[in-house]
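These notes concern the structure reproduced below.
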Amino acid sequence: MTIGPTITTSVRGSSNRPNGHLSRDVGFWGLMFVSLGSIIGSGWLLGALTAATLAGPASLISWVLAAFMLALLALVHAELGAAYPAAGGTARFPRFVFGPLAGFTAGWMAWLQAVTIAPIEVEATLSYVDHISWVKSHVAILRVDGTLTLSGLLIAALFMLAFTVINLVGVKAMAETNGVTVVWKTAVPLLTVVVLVLLAFHPSNFTAGGGFMPFGMHGVFAALPAGVVFALQGFEQAIQMAGEARHPQRDVSRAVIASMAVGTIVYLLLEVAFIGALDPGNLVHGWANPVGKGDFGPYATLAVAAGAGWLAVMLYIDAVVSPAGTGLVYVATSSRLSYALGREKELPPSLASVNVRGVPVHSILLAFVVGLIAFLPFPSWQSLVGLVTSATALMYAFAPVSLYALRQRDPDRPRPYRLPAYRILAPAAFISANLIMYWSSFEAIWKLCLALVLGLVIFSVTRMRLPAAERGPLDARSALWIVPWLLGHIAIGYFGRYGGTNAIPNWWDLLLVAVFAMVIYEAAEKLALDGEQVRELITAEADDMSTDGQAPVGAAGN
């Protein structure tokens, strides 16, 4: 039975939408395209080259390993997103079981990575465009060191402004615009695979330059945070927008699984085609420069060498379309995350305000401003990839521990999709996220912890400015496990083999991360709120969730 307030939400337009709530206009294809659109971005244009440079032909193992690890996390998110379909879900799930402090930590990491991806995608576009001869002769976009010039910054700002305007028009317009873009940006990579395999495929490349695995498993692991995980991430975008789905409990899980499957197949085919199309002469001395030093358009270069100049033109067009489509999605995502944090009054409440069309205007404008600021300290695609990958893994890691605790404390909740063997797969997903954090390097994790301190300062100031009656319990005890978790990662990273001192022997470092992750996983479950507290928090969020059509949503009873 349903206990607590019963909520009904209109699913047709916004005329009957409750005041102050997001409009529910997005169907399955819109949700699937939102996730797939963020998976296929600048990663496909640059990820294969970066992975091959670090791992050689064994980069194929990197893609398979990343796909497996992220698939575990995607399946966890699929259950949570369908059972608890609220906007900014990655911030809401840990809040239900570990309280506001843990919810804010996850939400801050999610917002931090999302709000910086649109600038990364713009930088990827401008890096490609700058190498078109006509553009170079008319405007200087990049300096010699690869940083944006004043003209480049102005063009980048125009891209960000376009993303913002489309999102301000409304989520339905954003989803429809993104749908057209995703069809293009999925078709072009697949066309590239077919053309390169037919015109220029050298099977010998898969054993050239030192053999199939020239850098050993270290190279395979090093390739993961250098672009592979970054390329495959993004499946959670459908979950972030679950609060705007017409039928969230039916469509969210399907959208997550479908987008992850399609993205993985596309990236694997691209890596095979890329390695096979390389000039064997470039691999005689190894994999340091398999295409050519300073080449920012590797697939276009390979297309020209194969005699398919027309494909090179399409690839340069796609260098604008694919990253721009992903940037568009992430402006929407970051605004929904800050909207969710604003509704929880963990960031300024004004971020939760929406206009008459149900669009969170202040949150979208914040994403625009922060995106512009990000161009200054991070002037290139490569400078942010590792940091964003680590932030994403940290954000993902909250989901498995949340799922496990919610299964125990909210067992009667309808779950349209249920993670099979969750007692095994949930901890496996948590270990996967922790390994990705470790591989992202010591530098990335300590910088993330510093950014978290800044976020907690903003959280504290926002909370202190609230009337005492509105603050509610902080539930700090339930979030205690986060402190040793992050400090432990800093320590392991410092002594580890990815940006650390290499004091921990090879393979033993991975075992240490896995054992450490399991200790934290068990501690988190034991520190979680009890069942009654969890159901109270879910009931408090019920006005932001709905089932299909007009069905009521509430907390499950005892």
*Going through the range 57-116 one residue at a time, which ones are closer than 20 Å to I39 by Cβ, among the small types (G, A, S) and in a helix (DSSP H, G or I)?*
S59, S62, A66, A67, A71, A74, A78, G81, A82, G89, A110, A114
_Being under 21 Å from L425 (Cα atoms) and either in a loop (DSSP other than H, G, I, E, B) or of a type outside the set (V, I, T) (or both) is the requirement here; does L512 meet it?_
yes
*Does the range 493-513 hold any residues that are within 24 Å of the chain's Cα centre (by Cα) and at negative phi, and which are they?*
G493, Y498, L510, V513
*Out of A277, A238, A242, report the one residue that is more than 21 Å from the chain's Cα centre (by Cα) and either open to solvent by less than 10 Å² (accessible area, probe 1.4 Å) or at pLDDT 85 or above (or both).*
A277
*asked:* Against the condition open to solvent by 10 Å² or more (accessible area, probe 1.4 Å), at pLDDT below 85 and out of contact with any Pro (no Cβ under 8 Å at 6 or more places or on another chain), how does L142 come out, does it pass?
replied: yes
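Just the residues that are more than 24 Å from the chain's Cα centre (by Cα) and open to solvent by 20 Å² or more (accessible area, probe 1.4 Å), please, taken from the range 434-465.
Within the range 434-465, V457, S460, V461, R463, M464, R465 qualify.
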_In the range 469-517, the residues that are open to solvent by 60 Å² or more (accessible area, probe 1.4 Å), hydrophobic (A, V, I, L, M, F, W, C) and closer than 30 Å to M217 by Cβ_ = L487, F495, A503, W507, W508, L511, L512, V515
*Taking the range 88-139 as the search range and keeping residues that are polar (S, T, N, Q) and closer than 30 Å to R535 by Cα, which one is modelled with the lowest pLDDT?*
T90
*Scan the range 455-468 and report the pairs whose first residue is part of a loop (DSSP other than H, G, I, E, B) and whose second residue is of a type outside the set (S, T, N, Q) and surrounded by 10 or more Cβ atoms within 10 Å (Cβ to Cβ), with Cβ atoms within less than 8 Å and a gap of 6+ or a chain change.*
L466/K345
_Out of V359, V369, V329, V354, sole residue that is under 21 Å from F230 (Cα atoms) and either open to solvent by less than 40 Å² (accessible area, probe 1.4 Å) or part of a helix (DSSP H, G or I) (or both)_ = V329
*When both residues are 6+ apart or on different chains and their Cβ atoms are under 8 Å apart, which pairs have a first residue that lies in the range 319-330 and is more than 15 Å from A114 (Cβ to Cβ) and without any contact (Cβ under 8 Å) to a residue 12 or more places away in the chain, and a second that is outside any helix (DSSP H, G or I) and open to solvent by 10 Å² or more (accessible area, probe 1.4 Å)?*
none
_For the condition in contact with a helix residue (DSSP H, G or I) (Cβ under 6 Å, 6 or more places away or on another chain) and more than 15 Å from G227 (Cβ to Cβ), what is the one hit in L31, L70, L49, L60?_
L31
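The values are calculated or read from the model by the stated rules, or taken from the named source; none is laboratory data. Treat the numbers as computed from the prediction; the structure is a model and nothing was measured. With ideal geometry, Cβ positions are generated from the backbone for all residues, glycine too; neighbour counts draw on all protein chains shown. Ligands, DNA and RNA are excluded from the accessible area calculation, which covers all protein heavy atoms including side chains. Shrake-Rupley method; radii C 1.70, N 1.55, O 1.52, S 1.80 Å.
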